[in-house]
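Computed from the coordinates by the stated procedures, all read-outs in this text should not be read as laboratory data. Since this is a predicted model, take the numbers as computed values, not measurements. Here the Cβ positions follow ideal geometry from the backbone for every residue, glycine too, while neighbour counts run over all protein chains shown.
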Amino acid sequence: MELSELLKPLNSPVKIQEFLDSIPYNSTKRTLSPLLVMKERMAHCMDGGMFAAAALRRLGYLPLIVDLTAENDDDHIIAVFREAGCWGAVAKSNTTVLRFREPVYRTLRELAMSYFDLYYNLNGQKSLRSYSRAIDLSRFDDRDWETTGEDLEYIGDHTYTMRHYPLITPAQAKRLNHVPKYLYDAGFAGADIDGLYKPA
């Protein structure tokens, strides 16, 4: 079955998010194409971002992703879409708070900042630092990124070459408070991790 047929039931951004929420986190080192995500029923944040971009494309949106970069933590990939001039996002995450965003943010910076207080590492440190410009995945159409069996790590590598914009200053980073335990617990509720709350 072709990818377009497989994606047909995902007829809105929130349906795409619900699908990503329903499948396990990809703990392998492979970066899967959207077709393989459908077939293998798993995704990590890079897989999920690309999958969401491909699914959004079928709904008439551009296949766009944004890279959120972090300090002492993993980066995060979100698929972004625009409605009535405002940005929203779909994402796969092992935490509960770094996923869907309604399209109510006027700029990509506003959208990225909506993740700021909820983006923290296993030590309870707020770790989000910058965001990239939107990356249009159609630039990789000649490599069949949506359906290939090839490892798509090269797309992840490409995100590192894009211009990134800082969200806070170094001085602000030094003054950040640790995440309270109730928020930490909410973020990692149901996550497949072996971490404990251990603020420095």
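Consider the range 56-78. How many of its residues are hydroxyl-bearing (S, T, Y) and within 27 Å of Y120 (Cβ to Cβ)? Of the residues in the range 56-78, 1 are hydroxyl-bearing (S, T, Y) and within 27 Å of Y120 (Cβ to Cβ). Remark: pairs (first residue in the range 110-126, under 15 Å from D74 (Cα atoms); second residue among the charged types (D, E, K, R) and in a helix (DSSP H, G or I); Cβ separation under 8 Å; 6+ apart in sequence or on different chains) = G124/K181; K126/D117. Within the range 3-16, no residue that is of a type in the set (D, E) sits with its Cβ atom under 9 Å from a residue that is in a loop (DSSP other than H, G, I, E, B) at 6+ positions apart or across chains. The residues listed here are D67, D74; of these, the one that is of a type in the set (D, E) and surrounded by 21 or more Cβ atoms within 10 Å (Cβ to Cβ) is D67.
If you go through the range 137-164 one residue at a time, how many are among the hydroxyl-bearing types (S, T, Y), closer than 19 Å to D75 by Cβ and surrounded by 12 or more Cβ atoms within 10 Å (Cβ to Cβ)? Of the residues in the range 137-164, 2 are among the hydroxyl-bearing types (S, T, Y), closer than 19 Å to D75 by Cβ and surrounded by 12 or more Cβ atoms within 10 Å (Cβ to Cβ).
Once the range 58-96 is narrowed to residues that are in contact with a Pro (Cβ under 7 Å, 6 or more places away or on another chain) and touching a residue at least 40 places away in the same chain (Cβ under 8 Å), the residue that is farthest from D144 (Cα to Cα) is G88.
Quick check on my filter: what residues within the range 80-126 are more than 15 Å from the chain's Cα centre (by Cα) and among the polar types (S, T, N, Q)? Within the range 80-126, T107, N121, N123, Q125 meet the criteria.
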